[in-house]
Amino acid sequence: MGTIIKSSSIYMNGSTGSIGLAVRAAEDCIEKAGVDRHDISLIIYSGIYRDDNIVEPAIAPLIQKRLGINLDPVEQGSFDRLTFSFDVHNGPCGFLAASRVAQSSLMSGACRYALLVSADAHPSKRHNPDFPFSNVGSAVMLGYSEEPQRGFLEFHFRTSGNGRVGYVAKAEVKRFGTAGRECIAFEVEHDYHDELLEFTLDSVREFINSQNLDPADVDLLLTSQQFKSFGKLISSSIGMNGKSKVIDLFDEYGDPHTSSLGLGYNYAASNKLLKKDDRILFVASGAGLSSACALYVA
């Protein structure tokens, strides 16, 4: 018994802000899932780079409003179908953090379906060639399955705790003046990618050992996409077999940041790279340094 992915979708458009990207992906995801949108009890948004550098309110309720999901139970004449929406901030690891939260609600019976959405775009909502992340909106619909040993089985989260952050983004209103809501500044340590890969490998090995998992039994590896061949380096380092698939989309999409895992899963599902009972290893990492792993059975 576990939390399963019922559908997934992505949307890309260089001139659309993060909310627009997420809403378009979510609309398609809901349609693919074939569920009544008013049965969606939970909406979690995990994007980081937001329209106009919005801090409050949370983005998830704004997306809920655009989707028209259970906005006014009094007007609807029913309190039986309500939707709780909120944000999770954990960079590329946000999808797995949101999945873990959603799993608790689904397994308790408090939630029928959970919609996880993410997107990152320049705060100006316009294309900016210096923005380091791809403008990708991602949406994944989660549901509960009574089938044994199916869906998300285990999660593992880790933070370095050594004071090294590696990657920092700042919305410096004083520096940018009246244009502050449309600007953001990035600071990247010169060895960030090397340290991130090493930290991620340690985390993956820790997860594999804790689960007594043989890497050769993993059918598909989905990772964040900080640089080209990030996933392939992880695969070769942990000893996955030659038959395992590694989804590396950096050449085509660049770094989708918080949408990386949603994009990777959607690509695999859309291209029929998944079959029933496949074991999928989700791996994400980012600034912090932080990492997240999860084992999923299709």
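Read-outs: derived from the displayed coordinates by stated rules, not from any lab. These numbers were taken from a predicted model, which means no experiment stands behind them. Cβ coordinates were reconstructed from backbone atoms using ideal geometry, including for glycine residues, and neighbour counts include every protein chain displayed.
Specify the longest stretch of the chain that does not include any exposed loop site, a site being one of the GluC sites (Glu not before Pro) with a non-H, G, I, E, B DSSP assignment and at most 16 other Cβ atoms within 10 Å.
1-145
Whose amide H sits under 5 Å from the amide H of LEU289, counting only residues 5 or more places off or on another chain, with H placed in the peptide plane?
Excluding prolines and chain starts, which carry no amide H, the hits are SER160, GLY161, ASN162, ARG164.
Nothing charged except the Cβ atoms of Lys and Arg (+1) and of Asp and Glu (-1): what's the magnitude of the dipole of segment 210-298 about its Cα centre? Round to the nearest 20 debye. List each step's numbers first, then the result.
Details: 8 positive and 9 negative charges, 30 e Å.
So the magnitude is around 140 debye.
Let me check I've understood the local charge: for GLY17, count other residues with C-beta under 9 angstrom from its C-beta, Lys and Arg +1, Asp and Glu -1. What total comes out?
Residues close to GLY17 contribute a combined charge of +1.
Using modelled backbone amide H atoms (1.01 Å from N, in-plane), which distant-in-sequence or interchain residues come within less than 5 Å of THR223's amide H?
Close amide H contacts, sequence-distant or interchain: ILE247, VAL283.
What is the sum of charges, Lys and Arg at +1 and Asp and Glu at -1, for the other residues whose Cβ falls under 11 Å from the Cβ of VAL117?
Net charge in that neighbourhood comes out at 0.
Holding the Cα-Cα limit at 28 Å, pick out from LYS32/LYS245; LYS170/LYS228; LYS6/LYS65; LYS32/LYS232; LYS170/LYS245 the pairs that are longer than that.
Violating the 28 Å Cα-Cα cut-off are LYS32/LYS232; LYS170/LYS245.
Excluding PHE250 itself, calculate the net charge of residues whose Cβ lies under 13 Å from the Cβ of PHE250, where each Lys or Arg counts +1 and each Asp or Glu counts -1.
For residues surrounding PHE250, the net value is -2.
Among ALA292, SER235, SER105, whose Cα sits farthest toward the positive end of the charge dipole of the chain (+1 at Cβ of Lys/Arg, -1 at Cβ of Asp/Glu, about the Cα centre)?
Positive-most Cα among the choices belongs to SER105.
Test of understanding: ordering SER260, SER290 by Cβ neighbours within 10 Å, fewest first, what list do you get?
The fewest-first ordering by Cβ neighbours comes to SER290, SER260.
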